[in-house]
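J.: Provided herewith is a single structure, encoded as C-alpha coordinates, for subsequent inquiry.
The values are calculated or read from the model by the stated rules, or taken from the named source; none is laboratory data. Bear in mind the structure is a predicted one, so any value in this text is a computation, not a measurement. Methodologically, a virtual Cβ is constructed for each residue, glycine included, from the backbone with ideal geometry; neighbour enumeration extends over all protein chains shown. We work out accessible area using only protein heavy atoms, side chains counted, and drop any ligands, DNA or RNA first. Shrake-Rupley method; radii C 1.70, N 1.55, O 1.52, S 1.80 Å.
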Amino acid sequence: MYKQLLYSLRQYAQARVYDVKKKGESPEFAARLIEKYTEGMITQ
(Lines give C-alpha, C1' and ligand atoms only; values in the text may rest on other atoms or scores of the structure.)
Protein backbone atom coordinates (compact mmCIF):
# COMPACT_ATOMS: atom_id res chain seq x y z
CA MET A 1 0.00 0.00 0.00
CA TYR A 2 2.88 2.38 0.79
CA LYS A 3 4.34 1.94 -2.70
CA GLN A 4 0.93 2.52 -4.20
CA LEU A 5 0.57 5.82 -2.32
CA LEU A 6 4.01 6.97 -3.43
CA TYR A 7 3.22 6.04 -7.02
CA SER A 8 -0.05 7.96 -6.86
CA LEU A 9 1.66 11.02 -5.41
CA ARG A 10 4.43 10.86 -8.01
CA GLN A 11 1.88 10.69 -10.84
CA TYR A 12 -0.06 13.63 -9.44
CA ALA A 13 3.10 15.70 -8.99
CA GLN A 14 4.24 14.95 -12.53
CA ALA A 15 0.88 16.16 -13.82
CA ARG A 16 1.33 19.41 -11.90
CA VAL A 17 4.85 19.87 -13.34
CA TYR A 18 3.43 19.36 -16.82
CA ASP A 19 0.75 22.00 -16.21
CA VAL A 20 3.32 24.48 -14.89
CA LYS A 21 5.53 23.94 -17.93
CA LYS A 22 2.52 24.59 -20.20
CA LYS A 23 1.87 27.79 -18.21
CA GLY A 24 -1.48 26.33 -17.20
CA GLU A 25 -0.85 27.10 -13.55
CA SER A 26 1.74 28.85 -11.43
CA PRO A 27 4.37 26.91 -9.47
CA GLU A 28 2.88 28.27 -6.24
CA PHE A 29 -0.59 27.06 -7.15
CA ALA A 30 0.75 23.66 -8.18
CA ALA A 31 2.55 23.34 -4.84
CA ARG A 32 -0.66 24.19 -3.01
CA LEU A 33 -2.57 21.57 -4.97
CA ILE A 34 0.03 18.94 -4.12
CA GLU A 35 -0.15 19.97 -0.47
CA LYS A 36 -3.94 19.57 -0.46
CA TYR A 37 -3.67 16.26 -2.31
CA THR A 38 -1.30 14.85 0.30
CA GLU A 39 -3.47 16.15 3.16
CA GLY A 40 -6.35 14.22 1.64
CA MET A 41 -4.23 11.08 1.46
CA ILE A 42 -3.33 11.36 5.15
CA THR A 43 -6.82 12.05 6.47
CA GLN A 44 -8.54 9.20 4.65
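J.: Could you sort Ile42, Ile34 by accessible area so the largest value comes first, with the probe set to 1.4 Å?
T.: Ranked list, largest accessible area first: Ile42, Ile34.
J.: I would also like to ask the following. Helix 2-21: angle to the longest alpha-carbon principal axis of the chain, degrees 0 to 90, nearest 10?
T.: 10
J.: Calculate how steeply helix 27-43 sits against the longest principal axis of the alpha-carbon atoms of the chain, using the helix alpha-carbon long axis, and give the answer as 0 to 90 degrees to the nearest 10.
T.: 10
J.: Once the other residues with Cβ under 14 Å from the Cβ of Met41 are scored (Lys, Arg +1; Asp, Glu -1), what is the net sum?
T.: Net of charged neighbours comes to +1.
J.: Here's a follow-up. Calculate what fraction, in whole %, of the accessible area of the chain sits on carbon and sulfur atoms when a 1.4 Å probe is rolled over the protein chains.
T.: Roughly 60 percent of what the probe reaches on the chain is carbon or sulfur.
J.: Something else about it: Can you tell me the accessible area per residue over the chain, all protein chains present, probe 1.4 angstrom, in square angstrom?
T.: Computed with neighbouring chains in place, this is 87 Å² per residue.
J.: Sort Lys36, Lys21 by accessible area with a 1.4 Å probe, largest first.
T.: Largest accessible area first, the residues go Lys21, Lys36.
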